[in-house]
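Quick notes on the structure that follows.
The values are calculated or read from the model by the stated rules, or taken from the named source; none is laboratory data. None of the values given here were measured: they were computed from a predicted structure. Cβ placement follows ideal geometry from the backbone for every residue including glycine, while neighbour counts extend to all protein chains displayed.
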Amino acid sequence: MKRDNGFPDEGPAPKFRRSDDPSKLLRVLIPSRAAGPIIGKGGETIKNLRAQYSVRLHIPDSKGPERVFNMEGDRQNICGCLKELTEVFMDVLTAKNADPRLLEGRKDDDGNDLDPEKLVDLRILIHHSQVGSVIGKSGDKIKELREKHHMQIIKIYQEFAPRSTDRVLQLIGEPDNVYACVENIMETLESAPPRGYRNDYDANNFEPEPMAMYDRYMPPPPPYGYDGPYVGGPPPPPPYGMYDDRSYYDRGYSRRGPPSSGYRR
């Protein structure tokens, strides 16, 4: 079946089977409008990527404004796929979609104001039990990632994605730097597999509330988006949750585990 824009609809069947080896799975949160360009007309782009990099790629359908791009394979091959998609990302996944406060006052290497349209904004889902391995003791690991890969933003949101055990890790930087950072993060996660109950985020569970969620992809206001509760555009940006030099719990990261039902308010 094809959508009106000429792109094939990959959902709702078949459902992507959860990998038994989470170290080989990268889950990227994307706006629903990005799915078509990633899949390509007639599915050609995603088919070529699967063949070239020997990876499993799937974007389940979603009724809401965001979807999950599942990428399964060796981390080098996954990052190769990301690099191949740079042209698409620079159209649909740039930092112009991010909370504008994140880049406020930041400069490039030449001392000029950053141009968000030249930066990739990649948001990946990780199990809540793995957050500590990305931050490191006293924040050492996340500092290392930021400095090594010249990242503008590495931000881990406090709240869980709705009805899941996942947190959102947001990476903003120049495309090649972001991909190298992703590979480094995947390597780190290999040594820290998920612990405890696991319930991967299903984008069909998207809800516009509460305000203090991760930096969600929201639909545009009518007539282009959904009618009803979304009238007036997206809500104000969520509070900051980015790592800083304060202690782990002072930053507002939750000591509690994932919610038993729904999401934490």
Quick check on region 98-111. Is at least one of its residues touching a Leu at 6+ places or on another chain (Cβ under 6 Å) and under 30 Å from residue 51 (Cα atoms)?
no
Just wondering, is there one or more residues in region 201-209 that are at pLDDT 95 or above, surrounded by fewer than 20 Cβ atoms within 10 Å (Cβ to Cβ), of a type in the set (D, E, K, R) and in a loop (DSSP other than H, G, I, E, B)?
yes
Are any of the residues in region 108-125 at pLDDT 95 or above, aliphatic (A, V, I, L, M), in a loop (DSSP other than H, G, I, E, B) and in contact with a strand residue (DSSP E or B) (Cβ under 9 Å, 6 or more places away or on another chain)?
yes
Failed criterion for residue 68 (all others in (1) buried (at least 20 other Cβ atoms within 10 Å of the Cβ); (2) touching a residue at least 60 places away in the same chain (Cβ under 8 Å); (3) under 20 Å from residue 180 (Cβ atoms) hold):
(3)
Mind checking which helices (runs of 4 or more DSSP H) fall wholly inside region 34-103 and carry at least 2 residues that are of a type in the set (Val, Ile, Thr)?
35-39, 44-53, 86-92
Any residue at all in region 75-94 that's surrounded by 15 or more Cβ atoms within 10 Å (Cβ to Cβ), closer than 18 Å to residue 170 by Cα and over 18 Å from the mean Cα position of the chain (by Cα)?
no
Being under 25 Å from residue 205 (Cα atoms), among the small types (Gly, Ala, Ser) and free of Cβ contacts under 8 Å to residues at least 60 places away in the same chain is the filter here, so list the residues in region 30-65 that pass it.
34, 35, 36
Within region 24-44, the residues that are over 15 Å from the mean Cα position of the chain (by Cα) and under 18 Å from residue 73 (Cα atoms) are 24, 39
Meets criteria (over 22 Å from residue 92 (Cβ atoms), β-branched (Val, Ile, Thr) and outside any helix (DSSP H, G or I)) for residue 156:
yes
Of everything in region 138-172 that's at positive phi and in contact with a helix residue (DSSP H, G or I) (Cβ under 7 Å, 6 or more places away or on another chain), which residue is surrounded by the most Cβ atoms within 10 Å (Cβ to Cβ)?
163
Filter region 103-142 for residues that are basic (Lys, Arg) and without any contact (Cβ under 8 Å) to a residue 12 or more places away in the chain; the one that is nearest to residue 174 (Cα to Cα) is 107
Looking across region 173-200 at residues that are under 11 Å from residue 131 (Cα atoms) and aliphatic (A, V, I, L, M), the single one that is surrounded by the most Cβ atoms within 10 Å (Cβ to Cβ) is 185
